[in-house]
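Here's the structure we're looking at; comments come further down.
The values are calculated or read from the model by the stated rules, or taken from the named source; none is laboratory data. In this text, all values refer to a predicted model and were calculated from it rather than measured experimentally. Positions of Cβ are generated from backbone atoms using ideal geometry, with glycine treated the same way; all protein chains shown enter the neighbour counts. These accessible areas exclude ligands, DNA and RNA; they are computed on the full protein's heavy atoms, side chains included. Shrake-Rupley method; radii C 1.70, N 1.55, O 1.52, S 1.80 Å.
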Amino acid sequence: RESGPVFHAIRTLRDHVLTACQGSNSISNPMANTMDGKVSELLSQSKHIEVLNRQPMPESYVVLLRTLLLTYLCLVPLVSISALEPVATILFQFIISYALLGVEAAAAEIERPFDNSYNDVPVNSIVLRITWELAEIEDKAYKLGSSKPH
């Protein structure tokens, strides 16, 4: 059984759907089946996302890309020194290095967008908000159902 806030929220959503299907003010069977199908699809897609999120980048690929990047950055001054003045070569090398190393750092940062670091998608906050909203909807539905004369 999956764990984590996303899967907890989906199980809570499924429980709310099942609760809405029972009782005197229940929703219709076709609507309940549609809702249950959508929740099942959401759970299936969440499992696929979790597999992708846990899949690490192959280490040999990362080493190869970083080696090629550093080789390129070391060769740029040798090629540009003949075409540029020494000061311009240093400035050009700094700009190119800063840009390419920045892209590499950004790629490493966004490799796992669902972790808990500063720049990641705040999944826990989103799930908590959805859970609270579901609880409010259930409370309102219960109050409306219990206030109807039988």
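Some points to look at:
- Accessible area (Å², 1.4 Å probe, nearest 10) - residue 127: 20 Å²
- In a DSSP loop and with at most 12 other Cβ atoms within 10 Å, the chymotrypsin sites (Phe, Trp or Tyr not before Pro) in region 38-134 are 118.
- Between 82, 61, 20, the Cα set farthest toward the positive side of the dipole of the chain (charges on each charged residue's Cβ, about the Cα centre) is that of 20.
- log₁₀ of I(q)/I(0) at q = 0.12, 0.20 Å⁻¹ - region 1-116, Debye sum with one point per alpha carbon: -0.66, -1.06
- Convex hull volume per residue for region 51-140, taking Cα atoms only, in Å³: 119 Å³
- When you filter the GluC sites (Glu not before Pro) in region 1-77 for DSSP loop state and at most 15 other Cβ atoms inside 10 Å of their Cβ, you are left with 2.
- Put simply, region 40-89 fits an ellipsoid with semi-axes of 45, 13, 5 Å; these come from the alpha carbon gyration tensor as the roots of five times its eigenvalues, largest first.
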